[in-house]
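Remarks on the structure that follows.
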Amino acid sequence: METNPPKRRDNKKSLRVKVISLGNAEVGKSCIIKRYCEKRFVPKYLATIGIDYGVTKVQVRDREIKVNIFDMAGHPFFYEVRNEFYKDSQGVLLVYDVGLRESFDALDSWLGEMKQEMGSQANMDSIVFIVCANKVDLTKRRVVDEGEGRLWAESRGFHYFETSAQSGEGINEMFQAFFSSITDMCENGGKRPVAEVSMAFTKEQADTIRRIRNSKDSWDMLGVKPGATREEVNKAYRKLAVLLHPDKCVAPGSEDAFKAVVNARTSLLKNIK
Ligand code: GTP
Ligand code: MG
């Protein structure tokens, strides 16, 4: 007599992943997670003490993903608690507040802290990063525009989303892209798929555009010392022009950066004998 084999739970399709949230205190990390998991927004600021932990299940294609979320405290005081939790993450939510430039500028040091804590295990190519430009509902106080945020993110092969935990804008789309990318990565043997990191512009171009945007005067913009000679100014100008010429550079903001460099050179040459 034939019997049917016992039914086994098919675990092949299920996946367990760890994600963490990073960014300065008060940028909205906990609210973004709350908006997604609990569909609500709390206007009162309740600072995360060290770390908050939660689990959620999501479906990506034919896979069930169990997501362990470690929501980090942004306050420097909690460094000793945070540093334990960087290891073995498959995904990182990097959050800044579009109304606070210092929270955007701090993204580099968050990556630095993470690399330092992961030590020799640090393989940033095996982690999916999503940058959330948060609080886009507060349009009047916005100081970091989309081009600048997107450039920072995409030049590093990171996703970029504009979000508001308050209105819900961008939150579901962001998490869907996040989990689907992590699943792709796991199916790709733990490497971020190449297509995702391939860029139409170089990191040097992106970093130069950012530096030009943040420069304090024309000397600084061209990267020469105040009082530099005509030759030094022209040499620096030529180098930047080759790097950023709109015919050659498709990075967001390259056209404005190129124009700014042309204007800086013109104004400096006017005053150099
Ligand atoms: P730490 O836990 O201290 O690191 O802060 P956090 O990044 O988790 O910030 P949290 O989510 O607690 O939010 C900080 C404050 O910003 C709270 O008062 C929130 O209500 C507010 N907030 C968060 N997201 C948004 C948003 O998208 N729009 C607006 N208007 N306020 C927001
Ligand atoms: Mg928090």
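The values are calculated or read from the model by the stated rules, or taken from the named source; none is laboratory data. Source: prediction; values computed, not measured. FYI the Cβ positions are ideal-geometry reconstructions off the backbone, even for glycines, and counts take in every protein chain you see. Just so you know, the surface numbers come from the protein's heavy atoms only, side chains and all, with ligands and any DNA or RNA stripped out. Shrake-Rupley method; radii C 1.70, N 1.55, O 1.52, S 1.80 Å.
Observations on the structure shown:
- A Förster radius of 45 Å combined with the Cβ-Cβ distance from Arg61 to Glu232 puts the calculated FRET efficiency at roughly 0.20.
- Rg and Dmax of region 6-117, Cα atoms only, in Å: 15.8, 59
- From the alpha carbon centroid of region 204-242 to that of region 43-82 is 41 Å.
- Rounded to the nearest 10 square angstrom, Ile49 shows an accessible area of 120 square angstrom against a 1.4 Å probe.
- Computed log10 I(q)/I(0) for region 15-188 at 0.13, 0.17 Å⁻¹: -0.59, -1.06, from the Debye equation with unit scatterers placed on every C-alpha and solvent omitted.
- In sequence order, calculated HN-Hα J values of region 73-88 (Karplus, 6.51, -1.76, 1.60; Hz; x Gly/Pro): 7, x, 5, x, 3, 9, 3, 4, 7, 4, 4, 6, 9, 6, 5, 6
- Under 28 Å from Lys259, Cα to Cα: lysines that are on another chain or at least 8 residues apart: Lys140, Lys203, Lys216, Lys225, Lys235, Lys239, Lys248, Lys270, Lys273
- Taking the protein heavy atoms of region 15-188 in the context of the full set of protein chains, the accessible area attributed to carbon and sulfur is 50 percent at 1.4 Å.
- 16 Å Cα-Cα reach of Lys115 towards aspartates and glutamates, excluding residues that sit fewer than 8 places from it in its own chain: Glu80, Glu84, Asp88, Asp125
- Qualifying trypsin sites (Lys or Arg not before Pro) in region 30-119, DSSP loop, other Cβ atoms within 10 Å at most 10: Lys39, Arg40, Lys44, Arg61
- DSSP beta bridges in the chain [antiparallel fraction, %, rounded to 5]: 30
- Applying the criteria of a DSSP loop state and at most 11 other Cβ atoms within 10 Å to the trypsin sites (Lys or Arg not before Pro) of region 183-266 yields Lys216.
- Full-stretch length increase - Glu38, Lys273 - with 0.36 nm per residue and alpha-carbon distance subtracted: 78.0 nm
- Heavy-atom accessible surface of the chain, averaged per residue, reaches 55 Å², computed with a 1.4 Å probe.
- Cα-based equivalent ellipsoid of region 128-273: semi-axis lengths in Å, sorted from largest, via gyration tensor: 37, 19, 10
- The length gained on full extension between Arg101 and Ser120, counted as 0.36 nm times the residue separation minus their Cα-Cα distance, comes to 3.7 nm.
- Under 16 Å from a label point set 7 Å out along the Cα-to-Cβ vector of Asn188, the amide N atoms of region 72-106 belong to 90-92.
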